[in-house]
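Asks: Please read through the structure below; I'll follow up with questions.
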Amino acid sequence: MNVSVVKIAAGLLVLALIAPAMLGAVGYLANAATEEDVSLDQSSQAALQFILKIEAYINKTLSLAAEFNVTIPDEYQANIENSTMLLEQAKEIAGTDPETAVNLAIEAAQEYAPVAMYIYENLPVDYKATIEKKQVELAIEHREKLVQKLQIMLEKMNETGVLTGEEWQKIKAMQQMISQAQIALQEGNITIAMHKVMIVDNMMRTEVHVHMNEHMIKLEVKYGMGSAIEGLIGQLNGIASTINATIVAVNDTGAVDENISLLIESMINRSERLEYKIERILGVIDQNATNQTVLEALYMIQAALNQSTTYLYQAYNASLIGDVNATLDNLTQSYLVLNATLTQLEEMNLVPPELRIMIMHEHKVMIEFRHSRTEHTDETWTNLYNELQNKMEKLQNAYEKYQNGHMSKMKYKGLLMVEKGELLMLKQRIEGQAPDYVIQKINEILDWINTHQP
């Protein structure tokens, strides 16, 4: 068998297993239009099932190696260990960040691919032929189910008046490609059949998926900004909760490791995805016709995510070099931004009742943590003072942009509200511990905010 066919055969199981996760993601996307947070548990379960299938795939191929006396060279041991580690990390975060968990599982499969290639190269010829045909059949079957899911989604979109003509054309093209793959497989041409399947996958990733996301955002707006805001607040609270849990974990162990870095990275990804989604919502709504309280909330959440993500990046970099204090400090600042924003949103009566108790609990945990950390150095306060000075300059630049018409009133107001909330919580957290010059700086910025309202 030539090398190209062997490579395709080795990758078939991975591709066939990735398809169910894609189906789960499509189902989750379909629910997201009206019940994004309600479907989180379902999405987490689908992610875990996918991770376990990848794990089973690895175990199965290793069993085949043992069954057919295939000795795996030492040079592949690192691949096996890395893929196992990635799967363990994926399982740990499947409940809180299913999308990142799935991506880790895919990364684990890719890491393991060279091992799979070696094992399949050394299996008996007859056995390989059977496996190859079966996996191509499974891959085609999964793509058929995927297209069926997409058809259902498009039908629902049509019922709400969303134009989906372009997507229907792409669905038809994918169906034709799947039919060609089936014909090639019947004729015994595995290479061509798998090539057609990969074309379908590429169409899904680069064309249909992007358009579906855009339509879902428009559907959320169509169904009502109130429910959309509740969904965004729920996601914001989810990120804050994960940050809080990470702070507690680092505080308890007094150390940071690869798992902590990975967790912070996943929070950065979640934050950036949510910020992008808000940007898209702001791009499709008529801001003049939108309820001003809702519009204000959108800009507040956007500003909070921007500020919080900056701290998360700093926490991530600190975790990579094992700096526990810097990691904790930046995670805490990130949490304070989000918690302050959630508190303000609650005061605006925008937080769903079921989330209010969670937010109060999270704040209580954070207060307890605040009292448990009392070690501060002169350098700590100097660094904080410098950060406050940078914050002052940032606000002044924003005011200048607002005055010159380069920043909207709502965006400027949202920034002020987020910064004010963060400063008030920061002041509460460090009062009685910080030097007078730090508290004075906080008060100075708060006074500036109060006198520069739009």
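Laboratory data are not the source of any read-out in this text; all were calculated from the coordinates shown. Here the structure is a predicted model, which means the values were calculated and not measured. Virtual Cβ from ideal backbone geometry, glycine too; neighbours counted across all protein chains shown.
Asks: Each residue of the stretch 293-310 in turn: what ³J(HN,Hα) in whole Hz from Karplus with 6.51, -1.76, 1.60 and θ = phi - 60°, glycine and Pro shown as x?
Replies: 5, 5, 4, 4, 5, 4, 5, 5, 4, 4, 5, 5, 5, 4, 5, 4, 5, 4
Asks: What percent does the relative contact order of the stretch 42-167 come to when contacts are Cα pairs within less than 8 Å and at least six residues apart? All intermediate terms of the calculation are to be shown ahead of the outcome.
Replies: Details: 91 pairs, mean separation 34.2, N = 126.
That works out to 27 percent.
Asks: Tell me whether the stretch 386-454 comes out rounded, prolate or oblate; compute the Cα gyration tensor, take square roots of the eigenvalues as a ≥ b ≥ c, and use a/c under 1.5 as the rounded threshold.
Replies: On the way: a/c = 2.83, a/b = 2.15, b/c = 1.32.
Prolate, since a/c reaches 1.5 and a/b exceeds b/c.
Asks: Starting at the first residue of the stretch 270-283, write each ³J(HN,Hα) from the Karplus equation 6.51 cos²θ - 1.76 cosθ + 1.60 with θ = phi - 60°, in whole Hz, x for Gly and Pro.
Replies: 4, 5, 5, 5, 5, 5, 5, 4, 5, 4, 5, 4, 4, x
Asks: For residue 449, what charge total do you get from the other residues with a beta carbon under 14 Å from its beta carbon, if Lys and Arg give +1 and Asp and Glu give -1? It would help to have the intermediate numbers written out before the result.
Replies: On the way: positive: 391, 394, 413, 420, 427, 441; negative: 393, 419, 422, 444, 447.
Result for the neighbourhood of residue 449: +1.
Asks: May I ask you to list the chymotrypsin sites (Phe, Trp or Tyr not before Pro) in the stretch 39-129 that are in a DSSP loop and have at most 16 other Cβ atoms within 10 Å of their Cβ?
Replies: On the way: sites: 50, 57, 68, 76, 112, 118, 120, 127; in loops: 68.
Within the stretch 39-129, the qualifying chymotrypsin sites (Phe, Trp or Tyr not before Pro) (loop, at most 16 other Cβ atoms within 10 Å) are 68.
Asks: Could you calculate the FRET efficiency of residue 80 with residue 403 from 1/(1 + (r/R0)^6), where r is the beta carbon distance between them and R0 is 60 Å, rounded to 0.05? Mind dumping the intermediate values first?
Replies: Working: r = 60 Å, r/R0 = 1.01.
E between residue 80 and residue 403, to the nearest 0.05, is 0.50.
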